[in-house]
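Presented below is the structure to which this report refers.
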Amino acid sequence: MSSVERDTSDKPAVVDRVNVALIAEAVEALGKLQDRTGLKKVDLVNRALLIYEFVDSELRAGNQVVLRDPEGRDQLVKIFL
C-alpha cells in the first residue's frame, strides 16, 4: 500500500506561480469581475489568460471575434493584440 496522498479535488494542480504588478485599470476590472462573479482573483486571472490565448490564436489564424446581441444582431469586435 502506498503512503502517497492523492488530491481528489476537482481543482487543477498548481504548476507555476507568478507575481505581477497590475495597472490601475486592471485592478479596477479585477474588482468588478470579483463583484459580479464571486470568483477569486487567481481564478479570474487564470480564466483571463486562457481566453487571451484563445483569442490571440484565432486572430492570428485569420478569424474574427463577433458578439451577437439578444436580438440576433452581430457586431465585429476589434481587438488589438
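Where a number appears in this text, it was derived from the coordinates with a stated rule and is not lab data. Just so we're clear, the structure is a prediction, and the values are computed from it rather than from any experiment. Here Cβ is always computed from backbone atoms with ideal geometry, including for glycine, and neighbour counts include all displayed protein chains.
Figures for the structure shown
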read-out	value
Extreme residue, nearest to the chain's Cα centre (by Cα), among residues of segment 20-51 that are surrounded by 12 or more Cβ atoms within 10 Å (Cβ to Cβ) and basic (Lys, Arg)	Arg47
Residue that is surrounded by the most Cβ atoms within 10 Å (Cβ to Cβ) [pool: residues in segment 53-80 that are without any contact (Cβ under 8 Å) to a residue 12 or more places away in the chain and assigned to a helix (DSSP H, G or I)]	Glu58
Residues satisfying the stated conditions in segment 52-81, i.e. under 18 Å from the mean Cα position of the chain (by Cα), within 29 Å of Pro12 (Cα to Cα) and not small (Gly, Ala, Ser)	Tyr52, Glu53, Phe54, Val55, Asp56, Glu58, Leu59, Val65, Leu81
